[in-house]
Every structure is written in structure tokens, then in C-alpha cells.
Amino acid sequence: MNKIIKKLASQTVYYGLSSIVGRILNFFLVPLYVRVFSEGEYGVYTNIYAYFTFLNILYTYGMETAYFRFVSAEKDSRTVFSTVTASLFVSTLFFSILMFAGRGPLCSAMGYPNNPEYIVWILSILALDTLAVTPFATLRFRGRPIKFASIKIVSILVNIVFNLFFLVLCPYVLSRPDLSAVHPAIRSVYNPETGIGYIFIANIIASAATLFLLFREFMEFSFKIDTGLIKRMLVYSAPLVIIGFAGMINDNLDRTILKRLLPYSPEQNDILMGIYGANAKLAVFMVLVIQAFKYAAEPFFFLQADKSDARQTYAEVMKYFVIMGLGIFLFVCLYIDVFKYFVGRGGSRYHEGLFIVPFLLLANLFLGIFYNLSIWYKLKDKTGLGAYVSVAGSLITIGLSIVLIPRFGYAAAAWTKLVCYGSMVALSYYMGQKIYPIPYPLKRMGFYAVAVLILYGGYVLLHRHVLGGRLILNLGAATVLFLIFAMTVVVKEKIRFPRIK
């Protein structure tokens, strides 16, 4: 493993730590929300945040990737930064004014005709987060993962602090007659009728704090748009919007379409959706790795583009990514007897859905491979062809879901996701090798894939026919098999560990 790839790996670790810490910190808000709000109020919160993925794609319209593409090609990074930031500012202002003017019909369409303030909160968060896109991209491009991760974590902590302030401290103080001296101050910032609004208000404060922490990056900004540059960037980024929406369909359709396609009663469908959703969370380990890898890899790929050994570097990155992904797949599957307690205690009905976890893990691994392969259309300005690949995946997702889910149940949703991402990998590889051929070590990666499947298959046979339900024996067998994989990688890749003095 050369020094360049080691640097990419170390940055991925930092980004991964920020994602993991962020998930853990946000997890502690869930019990608070469940205790403070009714099921109906919590449902409103969940529903409103579901719109953010869609609107975020609209607000950023692929400019983050366009920034990496053009800042690595242009000599004047300051001009690229200012052009992208000014463009996002103007478009954010336009979208926000348009949606604010139509907040009444929009809230009615969302099912909340009496709450136009929801739109105001959504627009505030979107606007602040969109303005932070370019500064965060700058940190990634300049290889500053520690500052990136630190700001992300501080933002999450600010969000948690203000959630606790509005949802716990303020009601507590107002309920205490002996603290009446501070009641006027509390009432000046707190109104019990706002309810779930304080979740969004806390988010707004955290997003504003994030922008403040990025002030050094904004020092390069001048409100100047290079018209020639922005035209080229918009042509480049427009297909990325399609890719974003197609990706949203591929990633989220399984959780939104099950209720409509499962052939049972509404009550039974809800139960099966819950089983599927709970077990799908066990694939989060792969999702976190992919997210961290994307943060580090996208600017890395563009920075390497002009180097003579760039294609060999991309091939090496792919190899180590596949090894890492296969290792996560094997680890979760081998220790499923431990991880299953994340979705329920012993005997829980949630455990009947554990069989879908390997399919979802592999599906997400294919998604990560697709992100690696996507370098061909990003480097060669063929984002339109990339959009075709993503749309093809969406059509596969929709078609197979309609055909298979009514017949095979929620298992078909996991199979569909695997087929979708696998097809996208095959199509992207075929097109990429014609436009920007990269010597990926297919035999080496195939060897590791077969080895992992054999080890996992051996564990399944041992678990069912030899070890039974004896947890200690199962964990022992899992550990031995995982060590066999790890040692195979060490020997095959000739990995040398530093001596401990």
C-alpha cells in the first residue's frame, strides 16, 4: 500500500469517526423525542425530515462534485470557490422566495395546511446547510479531515444542547414555582405550543453555528460569478441532479413502497415494514464506511487525475475498498448472533428478518463499488452517461419491486436492491472501460469475494448443523473464520506492520 493510498485511508478514518460519533450522538435524541412527543407529533417530525433529501438535491444541484472537478482543473481556486458559492447563494435565495410565497399550498400538499411555519423552518435549515457546502468541500479538497470532522461534531453537539434546552430545561423551569424569578426570561424564548418546532429551531441554530465555524473558509469569498465558468459547471452538474434523484429512488423506495405492495392487511404490512426496517439498520456499518470513503475519495480522485500513474492508483483504491467492504460484510454476518440484539431481544419477532441482512450488506458494497467506478464519467465530463446508469438502476428497482414484492414479501425488497446496484456496477464498468479504461485487479478482487463467500457459507453450515444455538461456540467459530480472512489479506497483500519499540 503506497503512501498516497495510506493518506486516503487515514482521511477516510477521520471522516468515518465523525459519521459514527454523529450517529451515536443523534441516537440519544430518539428516546427524548419519544418521551416528549406523542406518536402523531413524532410522525410529523419524521415526515417533514423525509422531504429534506429531495430538497437538498434540488438546492445543491450537483455543485459540490462540480466544485471538485473544476477546482482541480482551474489554476485559480479562489475564482471557483467564489463562483460556486455565489451561484448557490443566488439559487438558494430564488428557491426559498419561491417556496415561501407558496408556503400555503405546499403545507397543504404535505398534509399540514394549518402550519405554514413548517416551510419557514425547512427553508431556513436548507439555506444555511447549502451555504456550508462549498466551505466543507474546500476542507475536503485541501485534505483537512480533522477540521471537517470537528465542525460536524460540534454542530451535532449544539443541536443536542438546544434540544435539551427547549424540550427539557424550559418546561422544567416553568413547572417549578420556586424558580418564578426566571420564568419571564424563559417565556421570552419558549412557547409550549411550538412543540416539535423546537427540533427544527435547534437544527437552525446548529446550522448557523456551523457557518460561523467555517468563517475562515469564507474569507476567500467575493461575490463574483465567472459567467463562462458557471456555464460549464452547470452543464457538468445538471445530470448529477438526475443521478441524485435516481439514487434517492434506489436507496429509499424499498422503505416507502412496501406498505403499498405487500399483499396483506394494513396492520400486517406495518408489522412487516417494521421488521424490514429494523434489520435494514444492521447494514448501517457498510453505509457509514461508504459515506466516509466518499468524503475522502471524491477530492482525492480529482487531485490524482493529472498524474501519470492515476489509473493504477484508482485500481489500487478499488482493490482495498473491496477488501474493506468484504471484511465488513463477513464481520457482520459472522457475528450476527451479537448484532441481532440491536434490533430486539431474544425471541423478538424482528429476528425473523435477519436473513435479509447479507443481501443488504452486499447491495451497499456494490453501491460503494459504483462510487469508485463513477470516476470515469466525472473525470471525462460524461455526467450525462452517468445519469443513464442511475436511471437504469431506478427502472430496475421500480420494475422488480412491483413484480416481486407482492409474491415474495419484504425479502424481495432486499433482493431488488442487490440486483439494482449489481446491475449499475456492471453497466458502469462496461461503459467506463470504453471511455476511461482502468486496470482494476478483477482476479484479485474476485479471489477475495469467493473466499469470503466460502467462509460465510462454512459458518452457516456449522451454525445450523453442528454448533446450534450455543453462543460461545458460534462466536469462537466466527472469530477463527474472520482471522483466516484477515491473515489471507495480510499474506496476499504483503502488509507489513510497524515494529513496536
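The values are calculated or read from the model by the stated rules, or taken from the named source; none is laboratory data. Remember, predicted model here, so these are calculated numbers, not experimental data. Cβ coordinates were reconstructed from backbone atoms using ideal geometry, including for glycine residues, and neighbour counts include every protein chain displayed.
Observations
- Residue within segment 134-145 that is closer than 20 Å to G16 by Cβ, of a type outside the set (D, E, K, R) and surrounded by fewer than 17 Cβ atoms within 10 Å (Cβ to Cβ) present: yes
- Any hit, segment 430-437, residues being in the same structural domain as Q268 (by TED's automatic domain parsing), assigned to a helix (DSSP H, G or I), buried (at least 22 other Cβ atoms within 10 Å of the Cβ) and touching a residue at least 24 places away in the same chain (Cβ under 8 Å): yes
- For segment 280-294, the condition holds for no residue, the condition being that it is under 15 Å from K378 (Cα atoms) and touching a Lys or Arg at 6+ places or on another chain (Cβ under 6 Å).
- For segment 94-139, filtering for residues that are touching a residue at least 24 places away in the same chain (Cβ under 8 Å) and on the phi < 0 side of the Ramachandran plot leaves 26.
- Residue match in segment 463-475 (condition: in contact (Cβ under 8 Å) with a residue 12 or more places away in the chain, within 24 Å of D337 (Cβ to Cβ) and in contact with a Phe, Trp or Tyr (Cβ under 8 Å, 6 or more places away or on another chain)): yes
- The combined condition, being farther than 30 Å from G102 by Cβ, in contact with a His (Cβ under 9 Å, 6 or more places away or on another chain) and of a type outside the set (D, E), is fulfilled by V173.
- Test: residue in segment 446-461 that is crowded, with 18+ Cβ neighbours inside 10 Å and over 27 Å from the mean Cα position of the chain (by Cα): yes
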